[in-house]
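Here the structure comes first, spelled out in structure tokens, and everything after it is commentary.
The values are calculated or read from the model by the stated rules, or taken from the named source; none is laboratory data. The structure presented is a predicted model; accordingly, all values stated were derived computationally and were not measured. Glycine also receives a Cβ, built like all others from the backbone with ideal geometry; neighbour counts cover every protein chain displayed.
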Amino acid sequence: MADLEDLNYLRNMLKLSFDRHHSAKPPFPDIPPSELEIWYENNGAAGAFGCIQDGRHWMLLPEVASFCFDTTSREVDAFPFPLVGEDQVRDTFLRCVLPIAVQVQGLEVLHASAVRHPRGAVAFCAASGTGKSTIAYGLSRRGYQLQADDALAFEATEHQRPRVIPLPFRMKLRPSSASFFRMEGSAEAEEEMWAESMPLGAIFVLKRESGSCQDGLINCIRLSSNDAFAAILPHAYCFGLKEIERKRRMLQQYLQAVMHVPAFELHFPEGLERLPNVLDTIEQAIQPQSHQDTKE
């Protein structure tokens, strides 16, 4: 594989190409339902469909576009639905397709936002709507540079910490969070952001508790490697698990990651008024004296 720290290589590898030379319905292979990969929304609705045909990976995002890529190409082909603008297609590509395409091409990708810290990239993984973007943005207001939003790519090796591979992203906050930070205008960045490659420093699995959460207490638990593996793996982007060799490599890389990177489970109550205390807890957990860089 080429030098993944070369940003120009990554930009070329992940180039999005538009193709509108099709009928009203974007192309997508006609295959039996049993061969479909389906990605579900939090509410249980099907949000995207995928399949592999003749070595090409396809993804269909209803009412937006279909996308096609393979394991080596430096382009992802987009076939938009009629009247869908390129900016909407590009945003869907960044948030939904790019993480899967990168995973197909050999990296691992966490459904996570992240900031840069002297110890390395600090990742916050969780289901959509939990608060990972809000927490990352909150830390950025304390001087930590944003590293990723919604998708954090990395590669792991046996004898060293995983390396975070930068992907383009647009920071997106929910209206309530944007209002909390008194952001003017849109809660979404209009331009794509790029960070730099760096080691993965820590992983937080976020658990937002409904109700009182023990009278508003914030609980940060250091996870063992086994518990971290079980907690983090559900947040992994993956095209599918039918390709045995790719699945084996994915599991190996996540095992290596949790052996070298401290992981925490962070329980916190609902309510943005608690956010400063949540950020304080995170900063305290990632101080040098709070843990070792490798498995204890």
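Of all residues in the range 6-31, those satisfying the criterion of being among the hydrophobic types (A, V, I, L, M, F, W, C) and modelled with pLDDT of 75 or more are Leu16, Phe18, Ala24, Phe28, Ile31.
Please work out which residue is nearest to the chain's Cα centre (by Cα), limiting yourself to the range 134-176 and to residues that are among the hydrophobic types (A, V, I, L, M, F, W, C) and more than 27 Å from Asp87 (Cβ to Cβ). Quick ask: steps written out before the conclusion?
Restricting attention to the range 134-176, the residues satisfying the condition of being among the hydrophobic types (A, V, I, L, M, F, W, C) are 135-136, 139, 146, 148, 151-154, 156, 164-165, 167, 169, 171, 173.
If we keep only those that are more than 27 Å from Asp87 (Cβ to Cβ) too, we end up with 139, 154, 156.
Details: Leu139: 17, Phe154: 10, Ala156: 16 Å.
The extreme case among them is Phe154.
Applying the condition of being of a type outside the set (A, V, I, L, M) and at pLDDT below 95 to the range 121-130 and asking which residue is nearest to Ile282 (Cα to Cα) yields Thr130. Considered as a group, the residues in the range 117-162 that are touching a Gly at 6+ places or on another chain (Cβ under 9 Å) and basic (Lys, Arg) include one that is surrounded by the fewest Cβ atoms within 10 Å (Cβ to Cβ), and that residue is Arg119.
Residue by residue, here is whether (1) part of a loop (DSSP other than H, G, I, E, B); (2) surrounded by 13 or more Cβ atoms within 10 Å (Cβ to Cβ); (3) modelled with pLDDT under 95; (4) not assigned by TED's automatic domain parsing to the domain that holds Leu94 holds:
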{"position": "Gly201", "(1), (2), (3), (4)": "no, yes, no, yes"}
{"position": "Val205", "(1), (2), (3), (4)": "no, yes, no, yes"}
{"position": "Gly211", "(1), (2), (3), (4)": "yes, no, yes, yes"}
{"position": "Cys220", "(1), (2), (3), (4)": "no, yes, no, yes"}
{"position": "Asn226", "(1), (2), (3), (4)": "no, no, no, yes"}
{"position": "Ala231", "(1), (2), (3), (4)": "no, yes, no, yes"}
{"position": "Gly240", "(1), (2), (3), (4)": "yes, yes, yes, yes"}
{"position": "Tyr254", "(1), (2), (3), (4)": "no, yes, no, yes"}
{"position": "Lys295", "(1), (2), (3), (4)": "yes, no, yes, yes"}
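Annotation for the range 100-115: no member residue is over 30 Å from Arg20 (Cβ atoms) and over 19 Å from the mean Cα position of the chain (by Cα).
Here is a list of conditions, (1) in a helix (DSSP H, G or I); (2) among the small types (Gly, Ala, Ser); (3) under 24 Å from Ala24 (Cα atoms), and Ala101 meets all of them except one; can you say which number that is? It is condition (3) that Ala101 fails. The residues in the range 60-98 that are among the aromatic types (Phe, Trp, Tyr) and assigned to a helix (DSSP H, G or I) can be counted, and the count is 1. Within the span defined as the range 135-153, one or more residues are among the β-branched types (Val, Ile, Thr), assigned to a helix (DSSP H, G or I) and at pLDDT 95 or above.
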